[in-house]
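What follows is a set of notes on a single structure, which appears directly below.
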Amino acid sequence: MRIVLGVGGGIAAYKVASLLRLFTEAGHDVTVIPTEAATRFVGVATWEALSGHPVSNSVFDAVHTVNHVRLGHEAELIVVAPATADLLARAASGQADDLLTNTLLMAGDCPVLMAPAMHTEMWQHPATEANVETLRSRGVTVLEPASGRLTGADSGPGRLPEPEAIFTAAMALAGAGTAAAFEARPAVDADATTDMAAAPAAAQPAVTPLAGLTVTISAGGTREPLDPVRFLGNRSSGKQGVALAAAARAAGARVRLLAAHMEVPAPAGVELVPVETALELREAALHAAADSDVVIMAAAVADFRPADVAGTKIKKRDDVADPVINLVRNPDILRELVEVRDAASRNQLIVGFAAETGDADGDVLDYARAKLHRKACDLLVVNQVGRDLVFGEDTNTVVILSRDGSEPQEASGSKSDVAAAVIDRISAELSRAVPPA
């Protein structure tokens with residue numbers, strides 16, 4: 001595949017050298033176009049050595065080849081990283097004052113992916129938000145930046161997604177498929193623990209079974225406040241939900257992630273909806289489900305919440321009795337989603353997760369089958385949990401149960417492996433639901 005890699009003038013440009021290496025090692029032919037400012041951070045010699053092509057940012061170089069027209073016409077994919085606030089603004093307004101912006105204007109039907117990187121205030125400025133909305137309305141894929149340490153002492157949203165995350169999103173956008181994306185590593189920051197294989201040796205055939213579909217996924221653990229300081233929570237890390245979001249994105253879906261407390265960052269290229277409590281998750285899930293083709297409820301939702309929340313910190317004092325915490329039941333979000341779908345006659349696949357433990361009255365699958373009957377979702381992904389099982393770990397073993405009573409399916413390995421198996425099963429279920437032409 002012929003790729004144009006545009007490099008904006010930000011400190012994160014140094015990371016893009018690793019992205020370039022991922023593209024070339026996957027067998028793609030990459031032409032790098034840095035802005036003039038980008039060459040202040042990484043020199044032209046580096047881009048030429050890694051790409052194997054001459055590098056320029058001027059429309060007056062190699063005039064005989066008409067580069068400012070030819071590069072955009074020949075490109076099968078354009079990736080811009082880092083996409084600075086200035087570069088987003090120039091692209092949105094249609095400026096063509098250097099080779100990169102000329103190439104973007106000549107892209108035609110070529111898919112374009114931009115990976116922003118800037119300080120939080122710049123990313124959240126109304127001007128930048130408007131520019132991003134303009135670009136997205138024209139069909140440009142603008143990733144959400146990662147959150148984390150930025151240049152200097154500040155941190156927040158605005159960090160360039162890691163090269164592996166950008167590679168995954170780019171391959172999915174270009175139709176290089178789930179296999180290529182997963183072999184390249186999951187779309188999460190380097191701070192998250194992964195065990196994916198290295199980038200593929202060659203481009204893979206197109207496999208995007210969820211292309212054109214919207215998938216909503218919940219992840220992490222809800223927190224129910226006791227007072228302004230304390231809360232009732234659980235041990236969920238959000239790793240499995242994040243892996244599912246990356247897998248669905250790699251399969252071509254538009255992904256919306258309802259994120260409760262998570263110990264890992266969200267994947268690049270997904271719409272992030274932060275929530276804290278079960279009631280907040282319920283509201284977000286019902287709203288998001290309205291335009292979703294698939295809903296995957298992987299979050300660990302608290303079954304109960306305190307009946308009363310103290311307005312000030314509960315003090316530990318010798319002259320008063322120890323507090324008694326009364327709990328009330330939280331709503332059954334999964335069951336409600338099914339009821340709303342059925343009432344509206346939506347063509348929607350709903351997948352639940354069941355974190356179970358066995359006891360003297362039954363094993364994990366006994367409780368899971370009973371839960372599937374109560375919830376009436378289409379698929380239920382079941383795992384046994386405990387202090388050293390699943391929560392916070394990098395591996396998982398699950399059994400996928402189906403409402404139609406088909407044979408249970410087992411999947412195990414890394415959480416990314418399990419996510420791939422779940423997305424494959426969802427794709428198979430959707431394929432069976434579509435009558436032949």
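The values are calculated or read from the model by the stated rules, or taken from the named source; none is laboratory data. The structure displayed is predicted, hence computed values, not measured ones. Here the Cβ positions follow ideal geometry from the backbone for every residue, glycine too, while neighbour counts run over all protein chains shown.
Looking at region 105-139 only, could you name the residues that are more than 15 Å from T84 (Cα to Cα) and in contact (Cβ under 8 Å) with a residue 40 or more places away in the chain? If the condition is that a residue be more than 15 Å from T84 (Cα to Cα) and in contact (Cβ under 8 Å) with a residue 40 or more places away in the chain, then P111, T134 are the ones that fit. In region 277-293, of all residues being among the charged types (D, E, K, R) and crowded, with 17+ Cβ neighbours inside 10 Å, the one that is nearest to G238 (Cα to Cα) corresponds to R282. With a requirement of 1 or more residues that are of a type in the set (A, V, I, L, M, F, W, C), within 20 Å of the chain's Cα centre (by Cα) and assigned by TED's automatic domain parsing to the domain that holds S237, the strands (runs of 3 or more DSSP E) lying completely within region 255-329 that satisfy it span 271-274, 294-297. Selection of region 309-327 for residues being loosely packed, with under 10 Cβ neighbours inside 10 Å and β-branched (V, I, T) yields T312, V320, V324. Checked against (1) at pLDDT 85 or above; (2) buried (at least 22 other Cβ atoms within 10 Å of the Cβ); (3) not aromatic (F, W, Y), E133 passes all but a single condition, namely (2). If you go through region 325-338 and keep only what is charged (D, E, K, R) and under 15 Å from K371 (Cα atoms), you end up with D332, R335, E336.
For region 336-349, the criterion of being surrounded by fewer than 11 Cβ atoms within 10 Å (Cβ to Cβ) and in a strand (DSSP E or B) is met by no residue. Inspect region 96-103 for any residue being buried (at least 18 other Cβ atoms within 10 Å of the Cβ) and part of a loop (DSSP other than H, G, I, E, B) and give the result as yes or no. Checking region 96-103: at least one residue is buried (at least 18 other Cβ atoms within 10 Å of the Cβ) and part of a loop (DSSP other than H, G, I, E, B).
Taken as a whole, the condition of being part of a helix (DSSP H, G or I) and either within 31 Å of the chain's Cα centre (by Cα) or not assigned by TED's automatic domain parsing to the domain that holds A172 (or both) applies to A89. Is it fair to say E276 is among the acidic types (D, E) and free of Cβ contacts under 8 Å to residues at least 60 places away in the same chain? In short, yes. Within region 26-71, the set of residues being at pLDDT below 90 and part of a helix (DSSP H, G or I) comprises V63, H64, T65, N67, H68, V69, R70, L71.
Filtered by the rule that a residue be of a type in the set (D, E) and in contact with a helix residue (DSSP H, G or I) (Cβ under 9 Å, 6 or more places away or on another chain), region 142-174 gives D154, E162, E164.
The residues of region 356-393 include none that are under 23 Å from V215 (Cβ atoms), at pLDDT below 85 and surrounded by fewer than 21 Cβ atoms within 10 Å (Cβ to Cβ).
Residue by residue, here is whether (1) modelled with pLDDT of 50 or more; (2) touching a His at 6+ places or on another chain (Cβ under 7 Å); (3) of a type in the set (G, A, S) holds:
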{"site": "A153", "(1), (2), (3)": "yes, no, yes"}
{"site": "A176", "(1), (2), (3)": "no, no, yes"}
{"site": "A180", "(1), (2), (3)": "no, no, yes"}
{"site": "A192", "(1), (2), (3)": "no, no, yes"}
{"site": "A197", "(1), (2), (3)": "no, no, yes"}
{"site": "A203", "(1), (2), (3)": "no, yes, yes"}
{"site": "T208", "(1), (2), (3)": "yes, no, no"}
{"site": "I217", "(1), (2), (3)": "yes, no, no"}
{"site": "A243", "(1), (2), (3)": "yes, no, yes"}
